[in-house]
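What follows is a set of notes on a single structure, which appears directly below.
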Amino acid sequence: MERREVAAVLAYIGRLDPRTIRTDAGEARDQIAQWHELLSDVPLATEHGWDVREAIRAHVLDSPYPILPVDVARKWRAYRRDRLDRHTDPTPSADPDDPASWRAELLGTRRAVAAGTAAPSTHRQITSAAPHSDIEARLAAIGSCIPSTVRAELAPYRPARAAREAAVAAGQPDALSVPCQWCHAAQGEPCRNRRVGLDGRARGNAPRATPHPTRVDLAAVELARQEAA
């Protein structure tokens, strides 16, 4: 910020918190000089979310103490760190055989993102947004996101899942949709080989490829109850 922008910021702060107002001309000049020294590299506002007025309002609302220039500078640094943490360097358009140009373009992009003049490149970021509109239609057309040939090759390595899919395809109830009362496997988890030792304690915890018969019966009862409802 330039000195005139710092003066405007101090006037804005004075309207929100009269304790910061300096009536003496010398004190006001020293205040502007101090704020300009600490905020010379902090912009007044950017196109991507930073506005020094919002930072000031947040401080006035959250803190009982008068705002200091370091408070604004720290908020700006936190804003920069957050943007750089969300940024993934895109491949520069410069010639890879020209390291100087490649590095200059890479650093220029980072500086623009940190300064708030460019949006972070988050093409590798995992988002929580809904899937694309055509995803559900494509899955409904092919039946599964895993091709049948791949599913068949994976069957020997996940026998419990293969047995579950085969039972559902044959019109039988999904046994893993209910918990097992014999081995106490949770819903969705495969059954376990549960043996009882001479001391009465359970022995063995190896997963079973097929569910226990009692679990299959319970799943059939639950399926019939749902169809009746």
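Of note:
- Radius of gyration, Dmax [segment 1-105; alpha carbons; angstrom]: 18.2, 61
- Backbone HN-Hα couplings from phi across segment 29-36 [Karplus 6.51/-1.76/1.60, Hz, Gly and Pro as x]: 5, 5, 5, 5, 5, 5, 5, 5
- Probing with 1.4 Å while keeping every protein chain in the model, the per residue accessible area of the chain equals 69 Å².
- Amide H partners (placed H, <5 Å) of Ala209, local residues excluded: none
- The Arg225 and Tyr157 beta-carbon pair, evaluated with R₀ = 25 Å, returns a calculated FRET efficiency of approximately 0.15.
- Accessible carbon and sulfur surface of the chain relative to its total accessible area, %, 1.4 Å: 54
- Take the Cβ atoms of Gln187 and Arg81, set R0 to 35 Å, and the FRET efficiency comes out at 0.25.
- For segment 148-161, backbone phi angles converted through the Karplus equation (6.51, -1.76, 1.60; θ = phi - 60°) give residue-by-residue couplings of 4, 5, 5, 4, 5, 5, 7, 4, x, 8, 9, x, 5, 5 Hz, Gly and Pro being listed as x.
- Accessible area (Å², 1.4 Å probe, nearest 10) - Leu44: 70
- A dipole drawn for the chain from +1 and -1 charges on Cβ atoms has a positive end, and of Val60, Val221, Ala166 the residue lying farthest that way is Val221.
- Across the chain, the fraction of Cα-Cα pairs farther apart than 33 Å, rounded to a whole number, is 57%.
- Segment 105-116 - phi-based ³J(HN,Hα) in whole Hz, Karplus 6.51/-1.76/1.60, Gly and Pro as x: 5, 5, 5, x, 5, 5, 5, 5, 5, 5, 7, x
- Compared with the direct C-alpha span, the chain from Ile146 to Glu165 gains 5.6 nm at full extension, assuming 0.36 nm per residue.
- Treating r as the C-beta distance of Ala104 and Ala28 and R0 as 41 Å, the FRET efficiency rounds to 0.45.
- Positive-end ranking of Ala152, Ser177, Gly26 along the dipole of the chain, with charges on Cβ about the Cα centre, is headed by Ser177.
The values are calculated or read from the model by the stated rules, or taken from the named source; none is laboratory data. No experiment lies behind these values; they were computed from the predicted model shown. Glycine gets a Cβ as well: all are built from the backbone with ideal geometry, and neighbour counts include every protein chain shown. With ligands, DNA and RNA removed, areas are computed over all heavy atoms of the protein, side chains included. Shrake-Rupley method; radii C 1.70, N 1.55, O 1.52, S 1.80 Å.
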